[in-house]
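Worksheet: one structure, shown below.
What follows is calculated from the coordinates using simple rules that are stated; it is not laboratory data. Computed from a predicted model, the values in this text were never measured in an experiment. Here the Cβ is made from the backbone with ideal geometry for all residues, glycine too, and neighbour counts use every protein chain on show.
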Amino acid sequence: MIRNAPVVLLGASGALYVRERRRRLRLERLGAATLETLLYAIDANNPDTGEHVRRVARFALILADAADVDDKMKHSIERVALFHDIGKIDGALHDIINETTRLTPSERRSIRTHPQRGANVLQPLAAFYPDLAEGVLCHHEKWNGTGYPRQLKGSRIPLSARVVAIADTFDAVTHARSYSHARSMKIATGVIAEGRGTQFDPDLVDLFLSPPVLENVSRAMREGHAPKRAAKTRRGRPETQGVPDLTFRWRTPAPAPQSTDR
């Protein structure tokens, strides 16, 4: 019995490891499912915002690839991009977001609260994604310290927020909104260049405006207008299936069936 004790202990520790791994995977899947639910909530509240955050995520990942950041940071940038505007689904901002006329100073002040509102929504997920709320909170900070809500300056702004700020501005210029018309890619790159070192991280601006990155951005814009297909997810046993990442979940939800009542 004594000689077999190490084998018994090894078997017990192995079983404990398997149980812990399964528990951790279940929790991580729960976190991913929660983010997917929130992404669909953005779609349900305002489909235009849902499309906007998906485009921003595409552009942000192109810039992240050019910056040669590691996979962990790429996933962080992707999540911040997808949820940077989640604060806008707040009921207090709904009418302002859908306003078609020029915003009043009071309405602008209200809109400036959306980073904090978004961070508040995401803070309960800090155990799963510790840097998500902070990245969302900071996506309107500026390199020279004149942004909001905390007037952070330079590298004190999280990298994810600095990347998303460029992608967000580019998309805001090149796609129509209720209160503005779409403008050309040339005008958008001019806006990004003008913000170099003031609004945006100068090194990231140089990368974004480099010919290879702009070519990839242009390709992503063309693909964004192509017909969308629903992505297929793989099925597997819960204890062996990997944790789903949001990349394949960018699909727009199928339209709700029309009522047949007459």
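Of the numbered conditions (1) hydrophobic (A, V, I, L, M, F, W, C); (2) within 20 Å of Ile166 (Cβ to Cβ); (3) in contact (Cβ under 8 Å) with a residue 24 or more places away in the chain, Ile111 fails exactly one; give the number of that condition.
(3)
Working carefully through the options Thr113, Thr101, find the one that is among the β-branched types (Val, Ile, Thr) and loosely packed, with under 12 Cβ neighbours inside 10 Å.
Exactly one of Thr113, Thr101 is among the β-branched types (Val, Ile, Thr) and loosely packed, with under 12 Cβ neighbours inside 10 Å, namely Thr101.
If Leu132 meets every condition in (1) under 30 Å from Ser218 (Cβ atoms); (2) surrounded by 15 or more Cβ atoms within 10 Å (Cβ to Cβ); (3) free of Cβ contacts under 8 Å to residues at least 24 places away in the same chain apart from one, which number is that one?
(3)
In the range 126-157, how many are assigned to a helix (DSSP H, G or I) and either among the aromatic types (Phe, Trp, Tyr) or farther than 17 Å from Lys74 by Cα (or both)?
4
Restricting to the range 91-126, what's the tally of residues that are over 21 Å from Tyr148 (Cα atoms) and touching a Gly at 6+ places or on another chain (Cβ under 8 Å)?
Result for the range 91-126: 1.
Tell me yes or no: at least one residue of the range 109-121 is not in a helix (DSSP H, G or I) and not polar (S, T, N, Q).
Within the range 109-121 (the criterion being not in a helix (DSSP H, G or I) and not polar (S, T, N, Q)), the answer is yes, since at least one residue qualifies.
Need pairs with beta-carbon distance below 8 Å; first residue without any contact (Cβ under 8 Å) to a residue 60 or more places away in the chain and within the range 199-214, second of a type in the set (Val, Ile, Thr) and in a loop (DSSP other than H, G, I, E, B); sequence gap 6+ or separate chains.
Close Cβ pairs satisfying both conditions: Asp201/Ile157.
Could you list, in sequence order, all residues of the range 59-91 that are surrounded by fewer than 20 Cβ atoms within 10 Å (Cβ to Cβ) and charged (D, E, K, R)?
Asp65, Asp68, Asp70, Asp71, Lys72, Lys74, Asp90
Any residue at all in the range 39-58 that is surrounded by 18 or more Cβ atoms within 10 Å (Cβ to Cβ) and of a type in the set (Phe, Trp, Tyr)?
no
Starting from residues that are among the aliphatic types (A, V, I, L, M) and in contact with a Lys or Arg (Cβ under 8 Å, 6 or more places away or on another chain), keep the ones in the range 44-85 and report whichever is nearest to His140 (Cα to Cα).
Leu82
Sort out which residues of the range 195-218 are crowded, with 20+ Cβ neighbours inside 10 Å and in a loop (DSSP other than H, G, I, E, B), and write them in order of number.
Those that are crowded, with 20+ Cβ neighbours inside 10 Å and in a loop (DSSP other than H, G, I, E, B): Gln199, Asp201.
Checking Gln123 against (1) under 17 Å from Ala57 (Cβ atoms); (2) without any contact (Cβ under 8 Å) to a residue 24 or more places away in the chain: exactly one of these is not met. Which one?
It fails just one condition, (1).
What pairs can you find where one residue is in the range 73-99 and free of Cβ contacts under 8 Å to residues at least 40 places away in the same chain and among the β-branched types (Val, Ile, Thr), the other is part of a loop (DSSP other than H, G, I, E, B) and surrounded by fewer than 17 Cβ atoms within 10 Å (Cβ to Cβ), and their Cβ atoms are less than 7 Å apart, with a gap of 6+ or different chains?
Ile96/Leu103
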